[in-house]
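First up is the structure itself, then whatever we jot down about it.
The values are calculated or read from the model by the stated rules, or taken from the named source; none is laboratory data. What you see is a predicted model; the values in this text were computed from it and never measured. Counting neighbours? That spans all protein chains shown, and the Cβs are built from the backbone with ideal geometry, glycine included.
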Amino acid sequence: MSRATGRSTVLHISDVHVTERGLLYDAVDGIARLRAVGDYVRRSQMTPEAVLITGDLAQRGNPGAYGALRDAVSELRDAVQAPVLTIIGNHDDTEAARTLDGHEHSHHRTVLVDGIRFVLLDSSSGELGAAQRQWLADELATPHGEGTVVAVHHPPLGSPLPTLAKAGLRDAEQLLDILVGTDTRAVLAGHFHHPLAAHVRDIPVMVGPSLAYHQVMDGRADRISGHDRAMFSVVHLHADAVTATSVSLETPTPLFSSSVAVPPTLHR
Ligand SMILES: [Fe+2]
């Protein structure tokens, strides 16, 4: 937690879909976009306590992408001066992803950053499964510091988009059974490629937007349509609140820009 602001900042990136070679859909360079996030953070003078990337790190069928991804994660860590924590999603190659830092032995684990406990889960198969759920229950049996952030690629609920309504975590109810009554501050997820804020059984669930492409709400009800928009989210953990702010990497021409006095306690 920042002593100046009384809150912790988590930069939440999701669904990067890095490719081995060439551009995703002839347009998207996931590595360049990770670099752009680092540049954005530097320009904004944000000082996040941690960066979290919630899965679909690489595009399906691109096991050779993880070397460049590992380097990009390292570069981002240096750019923001904070740990970069990763989980895998349904697109990720479970074997090739073992070359990433922290994934050598298991794709689920706990990482402590200052007072926050990050519980990083593996839903690459679409569910957690009984063994991982038992591990999670054991981890959360004891509260930690300022509380726990649970990271899982598949959100524990459906999307309002008809084509993604059933795309949430298959064992969502069992996950929520475990989380209720623990010190979980928020569940941070991805997978939908559109931001979503929810409150499920009193637990805040923040689905981050995708850094690779945005799935739009005004497509046909029987189609999913990805549009070229790179976004991430800034999550603030206050003592009594959690907020998530979607940020677009696009920089259209500003309409206006004027100075506003900001109290020191609200500085980033
Ligand atoms: Fe994805």
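Quick notes on this one:
- Filter pass, Val28 being in contact (Cβ under 8 Å) with a residue 40 or more places away in the chain, of a type in the set (Val, Ile, Thr) and more than 16 Å from the ligand (Cβ to nearest atom): no
- Any chance Ala65 is assigned to a helix (DSSP H, G or I), within 14 Å of the ligand (Cβ to nearest atom) and of a type in the set (A, V, I, L, M): yes
- Scan of region 9-25 for residues that are within 16 Å of the ligand (Cβ to nearest atom) and not in a loop (DSSP other than H, G, I, E, B), ordered by number: His12, Ile13, Val18, Leu24
- Single unsatisfied condition, Arg201 versus (1) free of Cβ contacts under 8 Å to residues at least 12 places away in the same chain; (2) at positive phi: (1)
- Strands (runs of 3 or more DSSP E) lying entirely in region 98-207 (those with 3 or more residues that are buried (at least 20 other Cβ atoms within 10 Å of the Cβ)): 116-120, 147-151, 184-189, 203-207
- Qualifying residue in region 141-155 (condition: hydrophobic (A, V, I, L, M, F, W, C), over 28 Å from Gly61 (Cα atoms) and away from the ligand (no atom under 16 Å from the Cβ)): yes
- When Pro83 is tested against (1) surrounded by 20 or more Cβ atoms within 10 Å (Cβ to Cβ); (2) out of contact with any Gly (no Cβ under 7 Å at 6 or more places or on another chain); (3) within 19 Å of Phe232 (Cβ to Cβ), only condition (1) is not met.
- Restricted to region 193-218, and to residues there that are within 16 Å of the ligand (Cβ to nearest atom) and more than 25 Å from Ser8 (Cα to Cα), the residue that is modelled with the highest pLDDT is Ala212.
- Filtering region 71-97 to residues that are in a loop (DSSP other than H, G, I, E, B) and either among the hydroxyl-bearing types (Ser, Thr, Tyr) or within 13 Å of the chain's Cα centre (by Cα) (or both) leaves Ile88, Gly89, Thr94.
- Out of Gly102, Gly89, sole residue that is within 16 Å of the ligand (Cβ to nearest atom), among the small types (Gly, Ala, Ser), touching a Leu at 6+ places or on another chain (Cβ under 9 Å) and at pLDDT 95 or above: Gly89
- Arg43 passes every criterion in (1) modelled with pLDDT of 95 or more; (2) more than 16 Å from the ligand (Cβ to nearest atom); (3) farther than 22 Å from Arg117 by Cβ; (4) of a type in the set (Lys, Arg) apart from (1).
- Residue list for region 82-108, filter: under 24 Å from Met1 (Cβ atoms), of a type in the set (Gly, Ala, Ser) and out of contact with any Lys or Arg (no Cβ under 7 Å at 6 or more places or on another chain): Ala82
- Boolean, Asp114 is under 30 Å from His238 (Cβ atoms) and of a type in the set (Asp, Glu): yes
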